[in-house]
Structures are given as C-alpha cells and as structure tokens.
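A quick write-up on the structure given underneath.
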Amino acid sequence: MLHRTFLTGLAATLLVVQACGSSDRAKADRDNDSDAGRGGEAGATDGPDSGGSSAGSGTDNIGGDSPSGSAGEGPSAGSAGEGPSAGSGGEGGTPPTGPQPELLFTVKPGAIGLADSALAGQAQPQNVIYSSKTAGQVKADGTNEVKLTGETLGLAEADQIVSFTLLQPEPLNPSYLFSMASNSQGGFATRVYQSWEAGDEEGDVYFSDGVASFRQLMEGGDQYGYNGLLAHESTLGLSADPDAGVDDLGGLFAHDARAPLTEVYFTVPIGAVGVADSAVATVLAEERPCTVFRSGLDGTNEVAFSCAELGLVAYDRVDALLVYGDDAPAKVAFSVTYGAYGAAGSAVADAYLVADPIGAMLFASVGDGTNTLLKAAEDLGLGALISDDLDGLAVIETPPPPAITSASCDLDYDPRDPAEGALTYVSGVMHIGPSVMVIAGQAGTTVSRYIAYDATTCQFLQQKDLPNGFAEVYDHTIAPLPGWSAETPLNDLEIFAVGGGGGSTPRSLARWDADGVFIDSTPISTVLSTDRVGGLLHEPVTDRIFLLIGLDGPYRGTRLAALPRPDGVLTSLDAPLVNLSMPCTGYTNVTGTDSLGNLYVAQRQALTAEYRVCSFAPSGELLPSPYFWSPEGPVEDAGFIAGGAAQFLLSGHRVAVGTKSVERGVFEAP
C-alpha cells in the first residue's frame with residue numbers, strides 16, 4: 001500500500017524542488033536535502049534502489065525543471081558530481097529518511113522509447129509497467145526501467161495494460177496527475193492546449209488541483225480549472241520525435257521506490273486474453289474493458305470490481321483508475337473513453353445523454369451499481385473538444401493551500417493630497433526589493449512623480465519628479481544599481497520602458513537614469529510593435545527584465561519573455577516568448593518575483609476582492625501550487641508580490657484626498 005510518507009514527500013517535491021527557477025539555487029537546495037544522495041557521495045544502502053547516488057539522481061526530481069533538478073542546464077539525472085549514479089552500488093552511505101519518488105507508467109502499443117531506455121528493448125511495450133525517477137518539466141533525455149511485466153499480473157504476452165493503480169488512502173487535499181490521449185486539445189490557455197499545439201500532448205504528464213477559478217473573460221469572468229506540465233515525455237525516456245514517433249503514455253501511478261509492490265489493480269482492452277483460468281480469460285470479452293482486475297503479482301488475477309458494480313455497461317472502457325482504501329478497496333475513481341454509455345441513472349449515463357466531454361471527466365463509485373461525478377472536465381482545464389480523453393491518472397496528497405494572514409496600514413503621506421503628494425492621477429505601483437512600494441502618477445500636466453513607501457509600515461521614504469511620460473506602470477519598471485539603499489530608494493536606479501516600433505519593426509527596451517535622463521534603447525528581436533505589453537518588472541536574482549505580452553481575444557492569456565538587462569553593450573535582446581497557462585494570466589496588474597527568480601502573477605477573481613496567485617518558472621511552466629488570497633478590505637488591483645513572503649495591494653488610491661492604505665498578506669507555508 002502506498003504510504004502517506006511518500007505522498008507528503010512527493011508533494012514537497014512538487015512545491016519546493018520544482019519551484020527552483022535558478023539552477024544554482026536548485027543545486028544548493030539539493031545539497032541541503034537529506035533525502036537525496038549528494039554528488040560524489042554514496043547513496044542509500046537500503047531499499048530496492050540502494051547504492052551510490054549523485055546530486056539530482058531523480059529521487060527528488062519529479063516535477064523539477066530538468067532531470068537534474070536545475071533549470072534545464074545541468075546534466076541528466078545520476079550524472080552530476082563524481083559519484084556513482086543511483087543503483088550502481090556505492091560504498092556505504094546514510095539511509096535516506098524520506099521517500100524516493102518515482103513515476104510508474106504504461107504505454108500504448110507501438111511505443112519505441114529513447115535509445116538505451118528499458119522501454120526501447122521491449123518486444124511488447126504495452127504489457128509492461130515502467131518506472132522513471134528522472135521526470136522534469138524541461139525537455140531533456142531521461143530514462144526508465146522495467147518495474148513489472150504483464151506476466152506477473154496474469155496477462156498473456158501481447159495483452160495491453162490500459163490503466164493500473166495501487167490501493168491508497170483517499171487524499172484530503174488531492175493533486176491529480178494525468179496523461180491525455182492523442183489529439184486531446186484541453187481547455188484554451190492551459191498546458192494541455194500548448195502541448196496539443198506542439199503535437200506531443202499524448203506523452204506528457206500534467207497536474208491540477210481540480211479547483212476552478214475565474215479566468216477573466218471579457219464579460220467579467222467564468223470559472224474554469226487549470227493544468228500544468230509535471231513531466232515532459234522525454235524526461236521519462238519516451239520518444240517525442242515526430243519523425244521517429246511520439247510515444248503515447250497510458251497508465252500512471254506516483255510511488256515510493258522503497259515501498260514493495262504487493263498487488264496491482266488494472267484494466268485491459270476488449271482483446272486481452274489473460275493466462276488460462278485467470279479472471280481476464282474468463283470474463284466476457286465485452287465486459288473486460290470496464291472491469292477492474294486485481295493481481296497479487298503471482299501470475300494470475302481476479303475481479304476486483306465488475307462493470308455492473310461500477311455503474312457501467314458492456315463495451316464501456318475504463319482508461320484511468322484510482323482505488324481508495326486503507327486496508328481494503330472502498331472507492332474507485334476512474335475515467336472512461338469517449339462514447340461510454342454507463343448504466344441508467346449513473347453520472348456516466350447522464351454525461352453521455354447531454355453530450356458532455358465524457359472522456360475528460362472523472363467519476364467515482366463505491367461498487368454499489370452506480371457512479372457519481374467526481375470532477376467535471378472543466379475542473380481539470382479540459383473539455384474544449386468533446387473528444388478530449390483523459391488517459392492515465394494518479395493522485396497525491398498535497399499540503400493544504402498556504403495560510404495568508406492579512407494586515408494593513410495607512411500611508412503617512414497622502415499621494416493625492418495637494419499639500420503632500422499632489423498627484424492628480426495615480427496609474428499604479430512598482431516596487432524594488434521585497435518591501436519598497438513606489439506609487440507612480442501625474443502631478444499636474446507636465447510632471448510625472450514617483451513616491452516611495454515602506455510597504456510593511458506605510459512610512460514615506462522619498463519622492464522624485466520626472467519628465468512627462470514616466471507615469472504609466474504597465475510598460476515601465478525600475479531596477480536598482482550598485483549602492484541602492486532602501487532609505488533613499490529612488491536614487492541609484494534605472495528606469496526601463498517598452499517602446500513601439502512600426503509595422504513589423506521589433507519593439508525596444510529604453511533605459512533612463514534615476515532622474516529621467518535617456519541612456520539608450522535596445523531592440524527586442526522577438527517582440528513586434530503589434531504585440532500588446534501587459535507588464536514589465538525587474539527580476540533581481542539573475543538581474544533580468546520580465547516582459548509580459550497580453551493575448552487578445554475571448555480566451556485571454558499571457559506570454560513571457562525573460563530579457564537580459566541592457567548594459568550598453570548588448571545590441572539586441574533575444575529571448576523567446578513562452579506561453580503562460582491558466583489560472584492567473586487573464587490580467588497582469590499584480591505581479592512580482594521570488595528569491596529563486598520565478599515570476600508571480602495574481603489574478604483577481606472577477607469583481608470580488610479575492611485573488612488567485614500563481615508562480616511560473618522563467619521557462620514559462622506553471623509551478624505548483626496556485627493558491628487563493630482574500631484581502632480583508634476592498635482593493636483596487638494595484639500592488640506587487642514578494643513571492644513566498646508577502647503580497648501588497650494599494651487601497652483607496654482612486655480617492656482624491658483621504659485615507660490610502662496598503663493591504664498586506666503574509667505568506668505562511670503549510
């Protein structure tokens with residue numbers, strides 16, 4: 001049985017290791033992780049994969065930026081440092097105290113795998129459960145090994161394992177991991193949709209908490225779920241080459257490599273035959289695809305749940321599977337393929353009758369002859385096409401959302417009072433560092449004015465006048481220079497703004513000194529004058545500029561370019577534009593960065609005061625897990641985020657004269 005310690009460990013991996021946008025920081029985190037073997041050191045001496053391991057050997061990498069856990073720049077898992085790789089029999093070592101996460105998976109017939117992977121050597125690849133510890137978001141060659149063969153499950157040589165799972169407790173705070181069938185599009189502005197556009201949606205592994213939030217349509221918003229990329233197929237040792245063949249991922253399970261496998265629940269297609277006298281061999285052919293079988297890994301199998309017990313009918317096909325229970329099965333969660341009928345009165349039947357995207361929905365049954373809806377397709381960011389088909393399914397227990405404690409303070413210097421800040425117009429805020437808020441606006445008709453405050457205390461720090469043209473914040477940002485001080489934060493800085501070209505001419509990033517004196521302008525080769533600037537901010541960890549480009553149309557989204565900071569030497573800023581997926585990309589009024597160099601975006605929930613907050617790696621991948629933040633008072637959608645620490649919103653700035661406050665949310669990790 002899957003242990004809760006593993007679920008906690010994998011959740012920590014998703015929430016911490018994957019969030020390391022800086023390869024140096026990621027390496028430091030790994031070096032401080034007692035659960036992972038370090039480069040050049042011997043690894044664990046116990047468990048099924050005992051032996052020396054190197055930094056980033058894969059035991060701490062599921063969901064990382066690359067198999068090495070870095071931002072895609074390092075070597076493959078097991079190659080960092082001078083020590084032997086995992087499983088190679090290192091000399092001694094301290095047994096790890098935590099789990100060793102691995103992804104177990106199956107593939108569909110015809111999968112070829114990467115060269116030197118275990119999958120590549122299989123004559124019947126669809127009849128094997130594989131293991132990989134090299135899962136990562138950024139495309140890089142990973143590997144896999146054989147975990148179980150169909151023979152141990154009582155299957156015939158050419159039978160296919162369609163879906164499989166192990167018994168596990170039902171999580172209180174589930175995160176769903178899943179794969180999609182070929183030609184599944186997913187919801188607009190989701191990661192599945194991006195994979196579909198690239199033509200490799202069937203091999204990747206995605207994640208979602210299954211919680212819908214407002215995605216900010218032009219009408220004011222509707223609620224929709226999201227999905228992000230957990231693992232690129234190549235990091236599992238699967239082929240993603242359109243010329244050689246894109247492997248189609250089937251079943252999934254998140255497993256602790258140190259926990260023994262004692263039984264497996266699985267489903268098969270209608271043509272499976274099984275070994276003589278097994279349940280697969282004796283169940284009616286038309287009911288095999290909707291029957292859940294169980295094997296004690298002794299070369300045979302039995303029926304765990306029949307079609308009728310799950311509220312299904314002959315020829316319905318179960319293609320994704322979870323079995324919940326502490327000591328015995330108590331509940332089954334599953335998906336079915338497009339076209340399933342379901343038993344009369346069941347949720348599957350109801351979905352079929354109203355032409356819902358049934359293949360992308362999750363159902364649940366306690367084996368009482370019917371089933372209920374567990375997750376609608378939209379909850380997982382799926383279902384734009386009725387034929388969307390969820391293929392593999394795993395679930396992990398993740399910590400509850402972060403606790404956000406709110407506080408507020410009143411500005412001690414009113415930016416709109418004629419006797420104080422004297423701003424006739426407030427455009428919004430910028431920031432420097434984790435707590436300096438800079439209110440930008442217009443003072444009269446000829447002066448742009450910046451007013452700086454300590455956002456945690458609301459103390460006035462400094463004011464500076466600039467020529468006309470510096471008031472807007474959506475296409476301006478500020479960045480500190482050496483010698484910058486939080487006491488006089490408007491000195492020793494540079495101001496950046498995105499300028500327009502003409503026609504197909506690239507946009508440019510212009511630079512001024514702290515007094516508004518022009519320095520230079522550098523073309524941005526990947527951004528055209530027709531691209532709409534949605535935000536600009538400085539990322540201090542690697543000293544670069546994040547440019548956000550808004551996408552128009554009914555399904556709004558955002559693209560990100562991580563630009564090198566102009567230095568007077570660069571003649572062109574070359575950075576690819578990458579798509580950011582939901583749920584936080586409809587508007588980009590409130591943004592920020594964290595101590596690892598990741599981007600944060602807060603999406604206001606329609607006309608409420610609530611926000612959903614997301615973090616994105618510089619590569620554009622969504623990082624687990626988006627969370628909700630509910631400020632205590634009314635807000636005006638102007639603020640910034642110090643990721644993993646706090647978020648700040650300016651309130652009352654539209655009032656001509658009167659109380660202005662800063663609403664502060666303090667991030668408390670679960």
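Per this entry, Thr585 is counted among residues that are open to solvent by less than 20 Å² (accessible area, probe 1.4 Å), in a loop (DSSP other than H, G, I, E, B), among the polar types (S, T, N, Q) and in contact (Cβ under 8 Å) with a residue 12 or more places away in the chain. Every condition in (1) part of a strand (DSSP E or B); (2) in contact with a Gly (Cβ under 6 Å, 6 or more places away or on another chain); (3) open to solvent by 10 Å² or more (accessible area, probe 1.4 Å) is met by Thr542 except one, and the failing one is (1).
For (1) assigned to a helix (DSSP H, G or I); (2) modelled with pLDDT of 95 or more; (3) surrounded by fewer than 24 Cβ atoms within 10 Å (Cβ to Cβ), each residue gets a yes or a no:
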{"residue": "Ala189", "(1), (2), (3)": "no, no, no"}
{"residue": "Val192", "(1), (2), (3)": "yes, no, no"}
{"residue": "Leu217", "(1), (2), (3)": "no, no, yes"}
{"residue": "Ser234", "(1), (2), (3)": "yes, no, yes"}
{"residue": "Leu252", "(1), (2), (3)": "no, yes, no"}
{"residue": "Tyr265", "(1), (2), (3)": "no, yes, yes"}
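Among the residues of the stretch 396-416, those identified as touching a helix residue (DSSP H, G or I) at 6+ places or on another chain (Cβ under 9 Å) and not polar (S, T, N, Q) are Ile396, Glu397, Pro399.
Test of understanding: among Ala440, Ala486, which residue is outside any loop (DSSP other than H, G, I, E, B) and of a type in the set (Gly, Ala, Ser)? Walk me through it before giving the result.
Working: Ala486 fails: outside any loop (DSSP other than H, G, I, E, B).
Only one candidate qualifies: Ala440.
Could you tell me which of the residues Thr134, Thr97, Thr149 is surrounded by fewer than 24 Cβ atoms within 10 Å (Cβ to Cβ) and modelled with pLDDT under 95?
Details: Thr134 fails: surrounded by fewer than 24 Cβ atoms within 10 Å (Cβ to Cβ); Thr149 fails: modelled with pLDDT under 95.
Of Thr134, Thr97, Thr149, the one residue that is surrounded by fewer than 24 Cβ atoms within 10 Å (Cβ to Cβ) and modelled with pLDDT under 95 is Thr97.
Evaluation of Val205 against the conditions (1) of a type in the set (Val, Ile, Thr); (2) more than 26 Å from Glu621 (Cβ to Cβ); (3) open to solvent by less than 40 Å² (accessible area, probe 1.4 Å) shows that the sole unmet condition is (2).
Of everything in the stretch 454-468 that's in a strand (DSSP E or B) and touching a Ser or Thr at 6+ places or on another chain (Cβ under 9 Å), which residue is least open to solvent (accessible area, probe 1.4 Å)? Per the criteria, the residue is Leu466.
Scanning the stretch 306-330 for residues that are open to solvent by 10 Å² or more (accessible area, probe 1.4 Å), in contact with a helix residue (DSSP H, G or I) (Cβ under 9 Å, 6 or more places away or on another chain) and among the charged types (D, E, K, R) turns up just one, Arg317. Run Thr405 past the list (1) closer than 24 Å to Pro171 by Cα; (2) assigned to a strand (DSSP E or B) and report the number of the one that doesn't hold. It is condition (1) that Thr405 fails. Taken over the stretch 508-539, the criterion of being open to solvent by 40 Å² or more (accessible area, probe 1.4 Å) and either part of a strand (DSSP E or B) or not hydroxyl-bearing (Ser, Thr, Tyr) (or both) is satisfied by Trp512, Asp513, Asp515, Val517, Phe518, Ile519, Ser521, Pro523, Ser525, Thr526, Leu528, Arg532. Being out of contact with any strand residue (DSSP E or B) (no Cβ under 8 Å at 6 or more places or on another chain), open to solvent by 10 Å² or more (accessible area, probe 1.4 Å), modelled with pLDDT of 95 or more and not in a helix (DSSP H, G or I) holds for only one residue in Ala156, Ala140, and it is Ala156. If I go through the stretch 634-670 residue by residue, how many of them are open to solvent by 10 Å² or more (accessible area, probe 1.4 Å) and out of contact with any Gly (no Cβ under 9 Å at 6 or more places or on another chain)? Qualifying residue count, the stretch 634-670: 11.
Residues in the stretch 360-409 that are of a type in the set (Gly, Ala, Ser), farther than 19 Å from Asp209 by Cβ and at pLDDT 95 or above were compared, and the one that is surrounded by the fewest Cβ atoms within 10 Å (Cβ to Cβ) is Gly369.
Among residues of the stretch 91-109 that are at positive phi and part of a loop (DSSP other than H, G, I, E, B), those with a beta-carbon under 7 Å from a residue that is modelled with pLDDT under 55 and among the aliphatic types (A, V, I, L, M) at least six positions away or on a different chain give the pairs Gly92/Ala42; Gly93/Ala42; Gly93/Ala44. Scanning the stretch 575-627 for residues that are more than 14 Å from Asn227 (Cβ to Cβ) and polar (S, T, N, Q) turns up Thr588, Asn589, Thr591, Thr593, Ser595, Asn598, Gln603, Gln605, Thr608, Ser615, Ser619.
Filtering the stretch 410-427 down to residues that are in contact (Cβ under 8 Å) with a residue 40 or more places away in the chain and among the hydroxyl-bearing types (Ser, Thr, Tyr), which residue is surrounded by the most Cβ atoms within 10 Å (Cβ to Cβ)? Quick ask: steps written out before the conclusion?
Step one: filter the stretch 410-427 for residues in contact (Cβ under 8 Å) with a residue 40 or more places away in the chain, giving 410-418, 421, 425-427.
Within this subset, residues satisfying the condition of being among the hydroxyl-bearing types (Ser, Thr, Tyr) are 413, 425, 427.
Numbers: Tyr413: 17, Tyr425: 15, Ser427: 19.
Residue satisfying both the conditions and the ranking: Ser427.
When the residues of the stretch 590-609 are filtered to those that are in a loop (DSSP other than H, G, I, E, B) and touching a strand residue (DSSP E or B) at 6+ places or on another chain (Cβ under 7 Å), the one that is modelled with the lowest pLDDT is Ala606. Scan the stretch 293-305 residue by residue and report those that are open to solvent by less than 50 Å² (accessible area, probe 1.4 Å) and in contact with a helix residue (DSSP H, G or I) (Cβ under 7 Å, 6 or more places away or on another chain). Those that are open to solvent by less than 50 Å² (accessible area, probe 1.4 Å) and in contact with a helix residue (DSSP H, G or I) (Cβ under 7 Å, 6 or more places away or on another chain): Phe293, Ser295, Leu297, Gly299, Asn301.
The values are calculated or read from the model by the stated rules, or taken from the named source; none is laboratory data. The structure presented is a predicted model; accordingly, all values stated were derived computationally and were not measured. Every residue, glycine as well, gets a Cβ built from its backbone with ideal geometry; the counts of neighbours run over all protein chains shown. For accessibility, only protein heavy atoms count, side chains too; no ligands or nucleic acids. Shrake-Rupley method; radii C 1.70, N 1.55, O 1.52, S 1.80 Å.
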